Amino acid sequence: MHDDPAKPARRLIIAIDGPAGAGKSTIASRLARKLGYVNLESGAMYRALALKAIEKDASFDDESALVAMAQDSRIELEPTIGGNRTLLDGRDVSARIRERDVTEAASRVSVHPKVRAWMVSHQRAMGEGGGVVMEGRDIGTKVFPDADLKIFLDADPVVREQRRMEQQKIKGELAANVAADLRERDRRDRTRATSPLVAAADAVVIDSTAMSEDEVLARVEALAQAKLR
Ligand code: DC
């Protein structure tokens, strides 16, 4: 919010990091819509590369092959009114990259330092003009260490698993698999050597365990408005 019409509003870089199932995507997209910003989901880029590795039958452990593949690819995040579209070499892969095999592969390709370096440089280029809400795991620590506002959104693991299940309308035996997958990805994200999932020292940590989505959004929006003042 600003009062001087001659002075254009600052366009912030807002980083939202946190583990899977904490509600980052929903909050990031709702916040971006409220502020008239672009919502960039960095995880979709790792997912797109993972899909390419699956399709090319490349090993998720072969760092050089994965980097070469990334350099040879066009991975685009296209914001639309209904949400982000992810394009891989011009093809809309938005739905495909949410499937279980890609989710697992994304977690594995994202451990490699050189893959991360490629992603980070592209993510910086996409967000440097400001007016962005970028979400992921290392946005506040690596991609934009000078972001105007950093949020680390967390929640109790059991609650995160439940939310994921509800989101994907999963029940029974499959639910147990999804919970186990989530725990394993969490472990990998938090323990990898390069850019592990951790809150930046200057991030505002929000534990959404006992909060509604609207409450989290109101809190984050208030923090953003305070930066704009
Ligand atoms: O947020 P997501 O679940 O779509 O992310 C997919 C994978 O990519 C996840 O296992 C962690 C990884 N990731 C990452 O390492 N760094 C990011 N900034 C975003 C995602």
Exercise. How about segment 87-191: which GluC sites (Glu not before Pro) there lie in a loop by DSSP and see at most 15 other Cβ atoms within 10 Å?
Worked result: Glu99, Glu128
For this session: On the protein heavy atoms, probe 1.4 angstrom, tell me the percent of accessible surface of the chain carried by carbon and sulfur.
Result: 51 percent
For this session: If a/c stays under 1.5 just call it rounded; otherwise compare a/b with b/c (prolate if a/b is bigger, oblate if not). Do that for the chain, with a ≥ b ≥ c from the square roots of the Cα gyration tensor eigenvalues.
Result: oblate
For this session: Convert each backbone phi in segment 115-130 into a coupling constant with the Karplus relation 6.51 cos²θ - 1.76 cosθ + 1.60 (shift: θ = phi - 60°), then list the ³J(HN,Hα) values in order as whole Hz, x for Gly and Pro.
Result: 5, 5, 4, 4, 4, 4, 5, 5, 5, 4, 4, 6, x, 5, x, x
Exercise. Each residue of segment 86-94 in turn: what ³J(HN,Hα) in whole Hz from Karplus with 6.51, -1.76, 1.60 and θ = phi - 60°, glycine and Pro shown as x?
Worked result: 10, 10, 10, 6, x, 9, 6, 10, 3
For this session: Check the chain and count each lysine pair with an alpha-carbon distance under 22 angstrom, considering only pairs eight or more places apart or from different chains.
Result: 15
Exercise. Could you state the number of Å between the C-alpha centres of segment 131-171 and segment 22-93?
Worked result: 15 Å
Seminar exercise, completed: Mean accessible area per residue over segment 138-199 (1.4 angstrom probe, all protein chains present, square angstrom) is 52 Å²
Exercise. Counting DSSP beta bridges in the chain, what percent are antiparallel, to the nearest 5?
Worked result: 30 percent
Seminar exercise, completed: Between Val158 and Glu221, the two model label points (7 Å from Cα along the beta-carbon direction) sit apart by a distance in nm of 3.2 nm
For this session: Take Lys34, Lys169 and sort them by solvent-accessible surface of the protein heavy atoms, 1.4 Å probe, largest at the top.
Result: Lys169, Lys34
For this session: Calculate, in nm to one decimal, what Arg74 and Glu173 gain on full extension: separation in residues at 0.36 nm each, minus their alpha carbon distance.
Result: 31.9 nm
Problem set entry | segment 56-165: C-alpha gyration tensor shape, a/c 1.5 cut-off, then a/b vs b/c | rounded
For this session: Can you list which of the trypsin sites (Lys or Arg not before Pro) found in segment 42-128 are DSSP loop residues with at most 16 other C-beta atoms within 10 Å?
Result: Lys56, Arg74
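The values are calculated or read from the model by the stated rules, or taken from the named source; none is laboratory data. Just so it is clear, the model here is predicted, and its values are computed rather than measured. Backbone-built Cβ (ideal geometry, glycine too); neighbour counts: all protein chains shown. What goes into the accessible areas is simple: the full protein's heavy atoms, side chains included, and nothing from ligands, DNA or RNA. Shrake-Rupley method; radii C 1.70, N 1.55, O 1.52, S 1.80 Å.
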